[in-house]
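What follows is a single structure, written as structure tokens, with notes after it.
The values are calculated or read from the model by the stated rules, or taken from the named source; none is laboratory data. Please read these numbers as outputs of a predicted model, since none were measured by experiment. Because the Cβ atoms are built from the backbone with ideal geometry, glycine has one as well, and the counts that use them run over all protein chains shown. Each accessible area value is taken on the protein alone, full model and side chains, heavy atoms only, with ligands, DNA and RNA left out. Shrake-Rupley method; radii C 1.70, N 1.55, O 1.52, S 1.80 Å.
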Amino acid sequence: MAKILVIRLAAIADVAMTLPVIYSAAKANPQDSFTVLTQAFMMPVFMNRPSNLEVIGISTKGAEKTLIGLLRFTSALVKFDYDVVLDLNDVIRTMIIRTLFWVKGKPVYVLDKIRKRYPPLMRKENKKMEPLPTVIERYADVFRAAGLAYTESFTSLYESRPADLSKMEAIAGAKTGKWLGVAPFARYRGKVYPIDEMEQVVATLSRREDITLFLFGAKGYEEAILEEWEYRYPHVKNVVGKYTLDNELALISQLDLLLSMDSANMHFASLVGTRVLSVWGATHTYTGFYGYRQRPNDVIGLPLPCRPCSQFGQKECSRGDWACLTQLPAETIVSRVLDALSEKQQVTAGLSEQYK
């Protein structure tokens with residue numbers, strides 16, 4: 001029996017994308033024990049995990065922010081005497097952590113970040129438009145390199161135990177009609193659909209009596225905008241700050257559809273088996289960061305020759321007009337949402353007829 005330490009500290013979306021791989025690996029190797037080291041605030045995401053998987057937290061904005069704090073934490077961690085270390089992050093902090101284990105003679109395996117393969121996909125001229133290996137595949141490769149069995153078996157955080165909806169229902173209410181989530185924000189400008197246009201999407205969909213919209217975002221600026229939308233339009237509920245992360249995941253699991261940017265919310269929905277319509281601007285699914293088991297045809301993006309220009313959406317637009325986002329009509333998004341909801345309704349009706 002081997003004791004395996006798996007490290008992934010940031011970012012939120014990337015941590016979320018590790019879960020299908022880690023859960024699958026733990027199930028494929030029941031004789032071994034797995035410990036995930038991640039940011040403390042992300043620990044609630046690792047719910048309903050396999051019995052041979054545990055999670056420990058680190059606070060890189062708190063006690064472990066400084067080098068001294070990190071070394072003190074790692075020195076204590078090394079005493080747990082893990083047999084193998086898997087670094088799924090490969091940043092300075094994780095390099096420090098894994099080095100202390102390496103000094104102790106422990107084998108270390110590190111994620112291949114394929115940095116050299118991104119520039120041909122991002123360059124202005126003579127782009128090499130071909131999909132790169134997904135981050136899910138590259139995470140799995142680290143487990144395989146360590147000699148562990150790996151079979152992708154993850155379907156949902158709730159596959160072994162249903163979501164606890166008690167706290168969710170206190171705010172969201174009992175479900176009637178269709179539930180649509182809208183997550184209009186992302187970390188970088190190159191991944192955010194114009195807010196005025198997204199408001200038009202929300203306004204149009206809110207006129208439907210059979211649809212309730214739930215708005216997702218972060219506290220502060222995003223929360224203020226979403227509160228205004230909730231005030232202006234019917235059938236709209238802003239859930240920012242209303243739930244803990246585990247209860248927010250429970251709500252997302254009950255949605256019929258999530259409309260999202262290329263952001264963490266897309267990946268949270270993927271963890272609970274909720275379908276996502278995702279809007280892409282400067283980034284592209286070819287970079288390998290699409291939601292786990294999401295449908296390829298559920299991507300909304302313009303076929304501009306300059307796309308993609310950025311791996312994470314952090315670069316400024318070389319055109320200066322963000323055409324990949326500003327030229328996408330709100331009507332197109334509304335139409336895609338309604339089509340997806342209608343498709344689900346037809347499938348549900350068909351299943352009901354089948355089992356009569």
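Taking the centroid of alpha carbons for each part, the range 249-301 and the range 27-50 are 23 Å apart.
The tail of the calculated P(r) for the range 195-293 beyond 15 Å holds 64 percent of all Cα-Cα pairs.
For the range 63-74, the Karplus equation 6.51 cos²θ - 1.76 cosθ + 1.60, evaluated at θ = phi - 60°, returns couplings of 4, 9, 5, 7, 4, 5, x, 5, 5, 5, 5, 5 Hz by residue, with Gly and Pro reported as x. Of all aspartates and glutamates in the structure, those lying under 17 Å Cα to Cα from residue 79, and not within fewer than 8 positions of it along the same chain, are 54. Its residue count N sets the reference 2.2 N^0.38 Å, and the alpha-carbon radius of gyration of the range 1-128 equals 1.15 times that reference. If I compute solvent accessible area with a 1.4 Å probe over the protein chains, what percent of it on the chain is carbon and sulfur? For the chain, the apolar C and S fraction of the accessible surface comes to 53 percent. The residues of the range 174-354 expose, per residue, 43 Å² of accessible area to a 1.4 Å probe. Based on Cα atoms of the chain, Rg over Rh with Rh as the Kirkwood radius reads 0.98.
Counting Cα-Cα pairs of the range 174-354 in 5 Å increments starting at 0 gives whole-percent bin shares of 1, 8, 17, 21, 21, 16, 9, 4, 1, 0, 0. Only helical runs count toward this figure. For the chain, summing -39,500 (n - 2.57) over DSSP H runs of n ≥ 4 and dividing by all residues gives -11500 deg cm²/dmol at 222 nm.
The mean accessible area for residues of the range 3-146, using a 1.4 Å probe and ignoring ligands and nucleic acids, is 47 Å² per residue.
Normalised by the number of residues in the chain, the mean separation of alpha-carbon contacts (under 8 Å, six or more apart) gives a relative contact order of 17 percent.
Taking the alpha-carbon distance from residue 178 and a cut-off under 20 Å, which lysines remain once sequence neighbours fewer than 8 residues away in the same chain are dropped? Candidates past the 8-residue exclusion: 167, 237, 344. Quick check: net charge around residue 291, other residues with Cβ under 12 Å of its Cβ, Lys/Arg +1 and Asp/Glu -1? Residues near residue 291 contribute +1 overall.
Here the Karplus curve 6.51 cos²θ - 1.76 cosθ + 1.60, taken at θ = phi - 60°, turns the phi angles of the range 320-331 into couplings of x, 10, 6, 4, 4, 10, 6, 8, 8, x, 4, 4 Hz, with x standing for Gly and Pro. The ratio of the alpha-carbon radius of gyration of the range 120-203 to the globular-protein estimate 2.2 N^0.38 Å is 1.73.
What fraction of the Cα pairs in the range 125-280, stated in percent, has a spacing above 21 angstrom? Cα-Cα pairs of the range 125-280 separated by over 21 Å account for 52 percent. Measuring gaps between exposed loop sites in the chain (chymotrypsin sites (Phe, Trp or Tyr not before Pro); DSSP loop; at most 15 other Cβ atoms within 10 Å), the longest gap, sites not included, is 81-354.
Pair-distance distribution of the range 48-117: all C-alpha pairs, bin width 10 Å, starting at 0; shares per bin in whole percent are 17, 47, 31, 5.
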